[in-house]
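The values are calculated or read from the model by the stated rules, or taken from the named source; none is laboratory data. This is a predicted model, so every value here is computed, not measured. Here Cβ is always computed from backbone atoms with ideal geometry, including for glycine, and neighbour counts include all displayed protein chains.
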Amino acid sequence: MDAPLASLRRAVFRLAEQGAALSALYHRACLVGAEHLPVKGPVLLVGNHGVWGYETPAFFHLIHRSTGRYPLGLAERGFFRVPLIRTVLPWLGGVEGTRENALTALRSGALVVCYPGGARETFKRSQGRYRLRWERALGFARLAARAGVPVVPFAGLGVDDTFRWPPGEERLCVRLTDDDKYRMPLVMGLGPLPWPVRLTFALGTPHAPPPPDASESRLRSFRDGVAASVKRLLTRHPHA
């Protein structure tokens, strides 16, 4: 990487760190259950996504503040079709969510964050608040089995209250790509800002990974067990 681009990348990262810290402060964000995260070594965090994925910087900021580790996020693969996102996201700790990228990160000892609901949870409508969209999502279960790493479930509380859906929400969408799941809803905040709701990120007890040769039924059972843990953590939220 040439020097000007490297300088730009560092500047963007510093700006993003400052924005994440301000977001955490604005939302009085807190991390519960940080003792479930190892101080070193690979681990896969799996949980629910908020509308627009807005909560992610604050979540990553709290993890870094608690552990000293920078998380690596597995981003929805379709976002990498958008030129600006494709360029900037890796600068901020996001990689295209392929199994190869995830395995490489875990084998290097990274703390990896996965949102199995992907764009379906990020671009949800009002009826999708705090609902997991993990249908047929076995990728993280296969990844945990192949890498042999524990899965720490987490729940984002308040993440679907930072914005509100206006009347006629089904019509008020912007398409990022031709795929219907990348229809970004237009939502409302408090003027130019999101609503100042409190964000709480609750981490649960780690799940031991399935064996490397786990059957499809075993992987489905593992996925459902992790989803059940996330749902239990979500019951702490009065609106979940």
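Is it the case that VAL95 is at pLDDT 95 or above and farther than 24 Å from MET188 by Cβ?
Judged against the criteria, VAL95 is not a match.
Pull out all pairs, ordered by first then second residue, where Cβ-Cβ is under 8 Å, the residues are six or more apart or on different chains, the first lies in the range 1-23 and is under 18 Å from PRO194 (Cβ atoms), and the second is among the acidic types (Asp, Glu) and modelled with pLDDT under 90.
none
Across the range 193-212, what is the total count of residues that are surrounded by fewer than 18 Cβ atoms within 10 Å (Cβ to Cβ), in contact (Cβ under 8 Å) with a residue 60 or more places away in the chain and under 21 Å from LEU44 (Cα atoms)?
3
Is the range 42-58 home to any residue that is modelled with pLDDT of 95 or more and over 26 Å from ASP160 (Cβ atoms)?
Yes - at least one qualifying residue is present in the range 42-58.
Could you list all residues from the range 181-211 that are in a loop (DSSP other than H, G, I, E, B) and either within 20 Å of ALA58 (Cα to Cα) or modelled with pLDDT under 95 (or both)?
LEU186, VAL187, PRO192, PRO194, TRP195, PRO196, VAL197, ARG198, LEU199, GLY204
Residues checked against (1) touching an Asp or Glu at 6+ places or on another chain (Cβ under 7 Å); (2) charged (D, E, K, R):
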site	(1), (2)
GLY118	yes, no
LYS124	no, yes
TRP134	no, no
LEU138	no, no
ARG142	no, yes
ALA145	no, no
VAL149	no, no
GLY156	yes, no
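VAL113 passes all but one of (1) assigned to a loop (DSSP other than H, G, I, E, B); (2) touching a Gly at 6+ places or on another chain (Cβ under 7 Å); (3) among the aliphatic types (A, V, I, L, M); which number fails?
The single condition VAL113 does not satisfy is (1).
Which of the residues spanning the range 116-132 are part of a helix (DSSP H, G or I) and in contact with a Lys or Arg (Cβ under 7 Å, 6 or more places away or on another chain)?
ALA119, ARG120, GLU121, listed by residue number.
Results for (1) surrounded by fewer than 22 Cβ atoms within 10 Å (Cβ to Cβ); (2) modelled with pLDDT of 90 or more; (3) more than 12 Å from VAL226 (Cβ to Cβ); (4) touching a His at 6+ places or on another chain (Cβ under 7 Å), shown as yes or no for each residue.
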site	(1), (2), (3), (4)
ALA119	no, no, yes, no
THR122	no, no, yes, yes
ARG129	yes, yes, yes, no
ALA137	yes, no, no, no
ALA155	no, yes, no, no
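Could you tell me whether the range 17-38 includes any residue that is in contact with a Ser or Thr (Cβ under 7 Å, 6 or more places away or on another chain), surrounded by fewer than 20 Cβ atoms within 10 Å (Cβ to Cβ), aromatic (Phe, Trp, Tyr) and under 25 Å from VAL187 (Cα atoms)?
No, the conditions are met nowhere in the range 17-38.
Could you tell me whether the range 55-65 includes any residue that is crowded, with 22+ Cβ neighbours inside 10 Å, under 22 Å from ASP224 (Cα atoms), in contact with a helix residue (DSSP H, G or I) (Cβ under 7 Å, 6 or more places away or on another chain) and among the hydrophobic types (A, V, I, L, M, F, W, C)?
Within the range 55-65 (the criterion being crowded, with 22+ Cβ neighbours inside 10 Å, under 22 Å from ASP224 (Cα atoms), in contact with a helix residue (DSSP H, G or I) (Cβ under 7 Å, 6 or more places away or on another chain) and among the hydrophobic types (A, V, I, L, M, F, W, C)), the answer is no, since none of the residues qualifies.
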